[in-house]
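Student: The following block contains the structure, expressed as structure tokens.
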């Protein structure tokens, strides 16, 4: 069983208060930099469809987690100007070694973007209790605020219980390997996969499967090593993007009839939101 992992000085602005749940129209303002203006993407500079190159104008909530000097080992998503959501298995090795890693936001290539250091990590207390990747979620508190702009803005959290349905298209974004055991991407990649029936996942993954997980895949398309912690995204009826899952684990990458496994965010919304007012 493989994880999808390969082994900042903050820019200060006044943080916006509030939790980035999917907003109602009455809650929206003209200033998209506040968390209630979540899930909005902006016109892309460059794009190749079908799981190749993408742009952070399209996915401005995406961040990379990097070890010094500049190696991407996981992805994550912006919830507020100081909070990042990622997978617990990405952070567990570094929980007491935060000086070795940093976050980069707003850079579609590995060479650019805002750097931020991590002040604190909150792993879910039930992580690995029921299965190796059960409750595979962590909230990061940054030392300073990210500056929001067209390439850096927050994603929406789903309401509790809001999960994608079997067969639904969902999107995965990241800088992970472009094929199993292959080269890592220098530029941001995106791919569309389909949600797989739960019984199929239980058959494939056995005791590694647990509640609070989602399976998704498509022929020749998948997340891969280095994509862990990155977002599984679904667009709502109003065009807003919602974070429905996190890249967690799988058997290789894009193998026939073997989907990837993602943490479902909805069952863990209460855990996540508890830390967003730090």
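We did not get these values from a lab; they are worked out from the coordinates using the rules stated. Worth saying up front: this structure is predicted, and the values here are computed from it rather than measured. Glycine also receives a Cβ, built like all others from the backbone with ideal geometry; neighbour counts cover every protein chain displayed.
Student: Sort 100, 246, 85 so the one with the fewest other Cβ atoms within 10 Å of its own Cβ comes first.
Tutor: Least crowded to most crowded, the residues run 100, 85, 246.
Student: In addition: What spacing in nm lies between the two simple spin-label points modelled at residue 162 and residue 117, each 7 Å away from Cα in the Cβ direction?
Tutor: 3.6 nm
Student: Under 10 °C and 1.306 mPa s, how fast does the stretch 115-180 diffuse according to Stokes-Einstein, given a Kirkwood radius computed over C-alpha pairs? Answer in µm²/s, whole number. Walk me through the numbers before you get to the answer.
Tutor: Details: Rh = 15.8 Å.
For the chosen part, D equals 101 µm²/s.
Student: Over all directions, average the projected area of the Cα convex hull of the stretch 169-266 and note it in nm².
Tutor: Mean shadow area of the hull around the Cα atoms is 6.2 nm².
Student: What is the extension gain from residue 257 to residue 96, computed as 0.36 nm multiplied by their sequence separation minus the C-alpha to C-alpha distance, in nm to one decimal?
Tutor: Gain on stretching residue 257 to residue 96: 54.1 nm.
Student: Also, I was wondering about something else. If packing is taken as the mean number of other Cβ atoms within 10 Å per residue, what is the order of 224-234, 205-215, highest first?
Tutor: Most protected by this proxy first, the peptides run 224-234, 205-215.
Student: Can you give me the C-alpha center-to-center distance between the stretch 103-172 and the stretch 225-278, rounded to a whole angstrom?
Tutor: Distance between centres, Cα-based: 8 Å.
Student: Test of understanding: ordering 175, 241 by Cβ neighbours within 10 Å, fewest first, what list do you get?
Tutor: 241, 175
Student: Which order do peptides 257-265, 73-81 fall in by mean Cβ count within 10 Å, highest first?
Tutor: By packing density, highest mean first, the sequence is 73-81, 257-265.
Student: Return a whole-number percent for the relative contact order of the stretch 196-253, with Cα pairs under 8 Å and 6 or more residues apart as the contact set.
Tutor: Values: 49 pairs, mean separation 16.0, N = 58.
The normalised contact order for the stretch 196-253 reaches 28 percent.
Student: I'd like the FRET efficiency for residue 143 and residue 187, computed as 1/(1 + (r/R0)^6) with the beta carbon distance as r and R0 of 22 Å, rounded to 0.05.
Tutor: Given R0 = 22 Å and the Cβ-Cβ separation, E is 0.20.
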